[in-house]
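Participant: Provided herewith is a single structure, encoded as structure tokens, for subsequent inquiry.
The values are calculated or read from the model by the stated rules, or taken from the named source; none is laboratory data. Just so it is clear, the model here is predicted, and its values are computed rather than measured. Positions of Cβ are backbone-derived with ideal geometry, glycine not excepted, and every protein chain shown enters the neighbour counts.
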Amino acid sequence: MTWLNRDVISSLDFNREDLMQLFNEAQEMENYAKSKLNILDGKIMATAFFEPSTRTRLSFEAAMLRLGGRVLGFGSVEASSVAKGESLGDTIRMLDSYSDVIVIRHSLEGAAKYAADIATVPVINAGDGTQNHPTQAMLDAYTIWREYGRIDDLTIGILGDLRYARVVTSLIQLLSNFKVKLRLISPEILKPRRELLDFMNMRGMSYSLHLNLNEVLSELDVLYVVRIQRERFPDPVEYERVKGSFKVSPESLIGVKDTLIVLHPLPRVDEVDHRLDSTRYAKYFKQSALGVPLRMALLKLILKGD
Amino acid sequence: MSSKVQERDLIVSKIRDGIVIDHIPAGRALIVLRVLKLRGGEGRIALVMNADSRRLGRKDIVKIEGKELSEGELNLLSLIAPTATINIIRDYSVVKKFQVKLPETVKGVVKCRNPKCITNQPREDVVPTFKVLHLDQPILQCQYCGTYLTIDDINAQLAGER
């Protein structure tokens, strides 16, 4: 399927061929991520961020500016007419008439799909609800591909909140296009939902569930860490009991493969020890930097075509 | 139904043109009306509840006179009355008979059970849409938030419990 004018709502909308095309384009864009291309001159990207974001919003904006386009929008509910009681539908109709592409983040599940139902211009989901953050998943997979030159035949551990962290569902859905082994490590109450387990079974994915990182650490090629939020635990005592097991530090990485890479969608709080930053395993800052070329590639493919 | 014996057993008379929904699990006739969005202003409707059935033991029957419903609308009954058979009646005769089967998508009949789903926001104009998955049991998956809705959820919702 061609990329031109395509919505980006869920990872499920993209197959392996689409992703490889995106990755190749992103690699090309790495050459321009610190300079300027004028291929989107005259185009306007609207950012509708109903929920705060630093990295995702700024990398989308940087990507659009590097491509020669312009950016308008808002970064919080307080800064929009939603604060006056305007519906999401009406806000999207307005942005639809002012721009060539809409990038949306919202706390409600399905908000991006609904926006795409309404808008005539393409809509890109920059995170909605607790299960969709497809462009982050694309970036994560792209980082893995850049580091290893492939995604197939890797063993990928995902550690942390596998139930409510929106990128986890998107990443697993995206990885279903590749032949990977997944090791999913979380506290009992933050295990993946049944919907996601069924999805992996239906797609015939190879995965296993674990409560302890040490069970799988030595076989991992990639360790993807997501934050565990204290408020997810009904009992704070339980949080205090388990939190240490889901932190990654230089000491906790003893016995890993030399080639292991540690990724994190950021922002991190204390689940990845700062002392890890200077080790060869830490690739999360590179991952975050690749957000610009990846999103440049995305905007170019959607607004200009293949 | 041509034999004299069966004629004598009839609680309600035959209809001339319309739809007879037979083999509804006992007690579900009112939910059938709800799924078909029949609210009583549509013409003559007959309900028979707890009739004898060789196949089901007890069954409900709904007869709807003078109303056309598409096969798609009728197939929604498979969610709450999977045993139902549909008889299309023209001039007192059955012109078409079929068993309801699960549709691929369900639109606007039931609500998503996730309160954070966009389809549950009163100010937004969005129709709940579900894809039917065939797992151990059929299950509906919200196309907006991915949440499952089981057949039990659907029954409870349509019966007004949730």
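Participant: In the set A:SER176, A:SER80, A:SER87, A:SER186, which member is assigned by TED's automatic domain parsing to the domain that holds A:TYR239 and over 16 Å from the mean Cα position of the chain (by Cα)?
Facilitator: A:SER186
Participant: If A:VAL167 passes every condition in (1) within 28 Å of B:ASP125 (Cα to Cα); (2) outside any loop (DSSP other than H, G, I, E, B); (3) within 13 Å of chain B (Cβ to nearest Cβ); (4) β-branched (Val, Ile, Thr) but one, which one does it miss?
Facilitator: With (1) within 28 Å of B:ASP125 (Cα to Cα); (2) outside any loop (DSSP other than H, G, I, E, B); (3) within 13 Å of chain B (Cβ to nearest Cβ); (4) β-branched (Val, Ile, Thr) applied to A:VAL167, the lone miss is (3).
Participant: Quick test of your reading of the structure: A:VAL237 fulfils all but one of (1) surrounded by fewer than 22 Cβ atoms within 10 Å (Cβ to Cβ); (2) under 30 Å from A:GLU61 (Cβ atoms); (3) not acidic (Asp, Glu). Name the failing condition by number.
Facilitator: Result: A:VAL237 fails condition (2) only.
Participant: What do you reckon, is A:ARG146 free of Cβ contacts under 8 Å to residues at least 24 places away in the same chain and closer than 24 Å to A:LYS257 by Cα?
Facilitator: no
Participant: I'd like to verify a number: residues in region B:104-130 that are surrounded by fewer than 14 Cβ atoms within 10 Å (Cβ to Cβ) and either within 11 Å of another protein chain (Cβ to nearest Cβ) or under 19 Å from A:SER107 (Cβ atoms) (or both), how many?
Facilitator: So the answer is 5.
Participant: In region A:172-191, how many are of a type outside the set (S, T, N, Q), part of a loop (DSSP other than H, G, I, E, B) and at pLDDT 95 or above?
Facilitator: Our first condition is that a residue be of a type outside the set (S, T, N, Q); within region A:172-191, this holds for A:172, A:174-175, A:178-185, A:187-191.
Keeping just the survivors that are part of a loop (DSSP other than H, G, I, E, B) gives A:178-180, A:187, A:191.
Filter again for at pLDDT 95 or above, leaving A:178-180, A:191.
Residues flagged as of a type outside the set (S, T, N, Q), part of a loop (DSSP other than H, G, I, E, B) and at pLDDT 95 or above within region A:172-191 amount to 4.
Participant: Still on this structure: For B:ARG162, all conditions in the list (1) under 19 Å from the mean Cα position of the chain (by Cα); (2) of a type outside the set (Asp, Glu); (3) surrounded by fewer than 21 Cβ atoms within 10 Å (Cβ to Cβ); (4) modelled with pLDDT of 95 or more hold save one; what is the number of the exception?
Facilitator: (4)
Participant: For region B:52-69, name all the residues that are more than 22 Å from B:ILE151 (Cβ to Cβ) and either buried (at least 16 other Cβ atoms within 10 Å of the Cβ) or among the hydroxyl-bearing types (Ser, Thr, Tyr) (or both). Break it down into steps so the answer makes sense when it comes.
Facilitator: Here is the first cut: in region B:52-69, the ones more than 22 Å from B:ILE151 (Cβ to Cβ) are B:52, B:54, B:63-68.
Result: B:LYS63, B:ILE64, B:GLU65.
Participant: Here's something else I'd like to know. Mind listing whichever residues of region A:254-306 are among the small types (Gly, Ala, Ser) and in contact with a Leu (Cβ under 9 Å, 6 or more places away or on another chain)?
Facilitator: If the condition is that a residue be among the small types (Gly, Ala, Ser) and in contact with a Leu (Cβ under 9 Å, 6 or more places away or on another chain), then A:GLY255, A:ALA282, A:SER288, A:GLY291, A:ALA297, A:GLY305 are the ones that fit.
Participant: Here's something else I'd like to know. With A:ILE92, A:ILE44 as the choices, which residue is closer than 15 Å to A:ALA126 by Cα, without any contact (Cβ under 8 Å) to a residue 60 or more places away in the chain and among the β-branched types (Val, Ile, Thr)?
Facilitator: Result of the check over A:ILE92, A:ILE44: A:ILE92.
Participant: Looking only at residues that are aliphatic (A, V, I, L, M) and in contact with a strand residue (DSSP E or B) (Cβ under 6 Å, 6 or more places away or on another chain) in region A:8-53, which one is nearest to A:TYR142 (Cα to Cα)?
Facilitator: A:VAL8
Participant: Considering only region A:192-306, give the strands (runs of 3 or more DSSP E) lying wholly within it that have at least 1 residues that are farther than 27 Å from A:ARG6 by Cα and either at pLDDT below 95 or aromatic (Phe, Trp, Tyr) (or both).
Facilitator: Details: elements: A:206-210, A:222-225, A:261-263.
Fully inside region A:192-306 and qualifying: A:206-210, A:222-225.
Participant: Whether any residue in region B:76-87 is part of a strand (DSSP E or B), within 14 Å of another protein chain (Cβ to nearest Cβ) and surrounded by fewer than 19 Cβ atoms within 10 Å (Cβ to Cβ) is what I want to check.
Facilitator: So far as region B:76-87 goes, no, none of its residues is part of a strand (DSSP E or B), within 14 Å of another protein chain (Cβ to nearest Cβ) and surrounded by fewer than 19 Cβ atoms within 10 Å (Cβ to Cβ).
Participant: Any residue that is free of Cβ contacts under 8 Å to residues at least 12 places away in the same chain, away from chain A (no Cβ under 14 Å), in a helix (DSSP H, G or I) and of a type outside the set (Ser, Thr, Tyr) - is there at least one of those in region B:150-157? First the steps, then the outcome.
Facilitator: Applying the first criterion (free of Cβ contacts under 8 Å to residues at least 12 places away in the same chain) to region B:150-157 yields B:152, B:156.
After this cut, where a residue has to be away from chain A (no Cβ under 14 Å) as well, the list is B:152, B:156.
In the following step, the residues that additionally are in a helix (DSSP H, G or I) were identified as B:152, B:156.
Keeping just the survivors that are of a type outside the set (Ser, Thr, Tyr) gives B:152, B:156.
Yes, because at least one residue in region B:150-157 is free of Cβ contacts under 8 Å to residues at least 12 places away in the same chain, away from chain A (no Cβ under 14 Å), in a helix (DSSP H, G or I) and of a type outside the set (Ser, Thr, Tyr).
Participant: From the list B:LYS59, B:LYS96, B:LYS67, exactly one residue is out of contact with any helix residue (DSSP H, G or I) (no Cβ under 6 Å at 6 or more places or on another chain) and assigned to a loop (DSSP other than H, G, I, E, B). Which is it?
Facilitator: Just one listed residue meets the conditions, B:LYS67.
Participant: In this structure, is B:LYS101 within 24 Å of B:LEU56 (Cβ to Cβ), without any contact (Cβ under 8 Å) to a residue 60 or more places away in the chain, away from chain A (no Cβ under 14 Å) and not in a loop (DSSP other than H, G, I, E, B)?
Facilitator: Judged against the criteria, B:LYS101 is not a match.
Participant: Checking the structure you have, find out if any residue of region A:56-73 is in the same structural domain as A:ALA115 (by TED's automatic domain parsing) and farther than 30 Å from A:ARG146 by Cα.
Facilitator: Our first condition is that a residue be in the same structural domain as A:ALA115 (by TED's automatic domain parsing); within region A:56-73, this holds for A:56-73.
From what's left, farther than 30 Å from A:ARG146 by Cα: A:72-73.
The answer is yes; a qualifying residue exists.
Participant: State which residue is nearest to the other protein chains (Cβ to nearest Cβ) when the search covers only region A:73-86 and only residues that are of a type in the set (A, V, I, L, M) and surrounded by 13 or more Cβ atoms within 10 Å (Cβ to Cβ).
Facilitator: Once the filter is applied, the top-ranked residue is A:VAL82.
Participant: What number of residues within region A:1-30 satisfy the criterion of being assigned to a loop (DSSP other than H, G, I, E, B) and in contact (Cβ under 8 Å) with a residue 24 or more places away in the chain?
Facilitator: Final tally of qualifying residues: 10.
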